[in-house]
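Read-outs throughout are calculated quantities, based only on the coordinates presented, and are distinct from any laboratory measurement. This one's a predicted model, so the numbers in the text were calculated from it and none came from an experiment. Cβ atoms come from the backbone with ideal geometry, glycine included; neighbour counts cover every protein chain shown.
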Amino acid sequence: MPPKPNVSAPQRILLLSEGIGSEIYAGAFEHAFQTLGHTVKHIQWKTHFQPCQGPLNRLSSLYYRAQSKFTFGPTLLKMNDDIVAQAKAFKPDLIFVYRGTHIWPCTLKRLKKATGAKVFGYNNDDPFSPNYPAYFWRHFRHGIPHYDHIFAYRTKNIADYAAMGYPHTSLLRSYFIKGSNTRITPKPSNNRFVCDVIFIGHYEADGRDDTLMLLITNGINVKLYGTLWEKSPHYEALKSHMGGSIQPLYKADYNLALNSAKIALVFLSKLNNDSYTRRCFEIPATGTLMASEYTEDLATNLYKPNEEAIYFTSKEELLTQLQTLLANPKKLKDIADAGHARMLHDGHEVTDRAQQVLALFHSF
């Protein structure tokens, strides 16, 4: 019987990503791999598309932005060539491509030939969603056969990969980040974020603004933060309720705001066909009760309904549940505490995900 692989053995890992929002996306994996004792080189290809400084800056910006958006042109060629050159010099054991929209299929083949490394892919968006422009995922989708393994963010995508004849997939869920998503005790009670119900997230035209308006008009103390809310037909009313423009929250403010609410809402992205989202770990990490749109995935695989989280299928159902819980603080706290405990027990921190990646690497 062969010996079990040593999943803690130090590896050289080349991490490739666009680099946008890196501290909670690819940068989180970089830190997690390093925490586990591995050597990581992180190439962020956004640096190839930054405009030159000077009087021609505006034209330069348009030149680079167009190439990055449509993923074509001489800058993309140089970017892919530079990645191969740096990979040859670094000599990685594992190449981890985070959302490889700009990586050409031939680059994947060149990387494997030049380094002998295993090449894994991970995508937190849905590359099979019809809601994206046709050009957006073309390099990634054409490159799928050249990955040794692709981690899917959602179970739906495992079936999508299988339908196109690619079997080397497994689920790698999102995560919370210890140190960034933390429980504050005692619960904050005197700051600008304190409220009964909070939603921190972007606007989509899926009725989430109607839901928030129903809660507000029924006297629920709601706070709202995020992006794109100016596109909502209810924006003026929501802005008036908040006493000013609706702003996103990041880092310490984001964590403090979640801690300061009794209940935090989760609306799922229809663009990406999500059955759960990152907030399904970040919210319980703070010890705040999570109230999410219902999915079978959430209710069956992550948190028990009415015991570790609450779920709703309509805005009216949500209103009724919130009113009941706000009138029963003990039940609200019991569910919040149980959700926090379940999330910690099941292991949903980013280092847990990095260990999952490495365990699969050692299985080859």
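For Gly121, nonlocal amide neighbours, meaning residues 5 or more places apart or on other chains whose placed amide H falls under 5 Å from its own, are Val97, His149, Ile150, Phe151. Rounded to two decimals, the Cα radius of gyration of the range 288-364 over 2.2 N^0.38 Å is 1.38. Positive-end ranking of Val194, Pro305, His42 along the dipole of the chain, with charges on Cβ about the Cα centre, is headed by His42.
In degrees, nearest 10, range 0 to 90: what is the angle between the Cα axis of helix 315-326 and the longest Cα principal axis of the chain? Long axis of 315-326 versus the principal axis of the chain: about 70 degrees. Averaging Cα coordinates gives a centre for the range 289-334 and one for the range 100-154; these two points are 37 Å apart. Computed from the Cα positions only, the extents of the range 195-346 along the three principal axes stand at 41, 34, 32 Å, in decreasing order. Cross-link pairs exceeding 25 Å in C-alpha to C-alpha distance, out of Lys78/Lys270; Lys178/Lys331; Lys41/Lys270; Lys46/Lys112; Lys69/Lys113; Lys41/Lys78, comprise Lys78/Lys270; Lys178/Lys331; Lys41/Lys270; Lys69/Lys113.
In the range 73-220, one over the average inverse separation of all distinct C-alpha pairs is 18.9 Å, which is the Kirkwood hydrodynamic radius.
Note that the range 342-359 has calculated 3J(HN,Hα) couplings of 5, 4, 5, 4, 7, x, 10, 8, 4, 5, 4, 5, 4, 5, 5, 4, 5, 4 Hz, one per residue in order, obtained from phi through the Karplus relation 6.51 cos²θ - 1.76 cosθ + 1.60 (θ = phi - 60°); glycine and proline are x. With the cut-off at 21 Å, report for the range 231-318 the share of all Cα pairs above it, as a whole percent. In whole percent, the share of Cα-Cα pairs in the range 231-318 beyond 21 Å is 39. Applying 1/(1 + (r/R0)^6) with R0 = 25 Å to the Cβ-Cβ distance of His142 and Lys46 gives a FRET efficiency near 0.70.
Taking the average, over residues, of other Cβ atoms within 10 Å as the packing measure, peptides 146-155, 105-114 rank 146-155, 105-114 from highest down.
Taking every alpha-carbon pair under 8 Å whose residues sit at least 6 apart, the chain reaches a relative contact order of 15 percent.
Working note: Cα gyration tensor of the range 140-213, eigenvalues times five, square-rooted, sorted largest first, giving semi-axes of 38, 19, 9 Å.
When only the Cβ of Lys, Arg, Asp and Glu is charged (+1, +1, -1, -1), the dipole of the chain relative to its Cα centre reaches about 1200 debye.
Label separation (Ala359 vs Lys270): 3.7 nm, computed from points 7 Å beyond Cα along the C-beta direction.
A crude spin-label estimate for the pair Asp352 and Leu228, with each label 7 Å from Cα along the Cβ direction, gives 2.8 nm.
Based on alpha-carbon atoms only, what is the radius of gyration of the chain relative to the globular estimate 2.2 N^0.38 Å? Please list the in-between numbers first.
Values: Rg = 22.0 Å, N = 364, 2.2 N^0.38 = 20.7 Å.
Taking N as the residue count of the chain, the ratio is 1.07.
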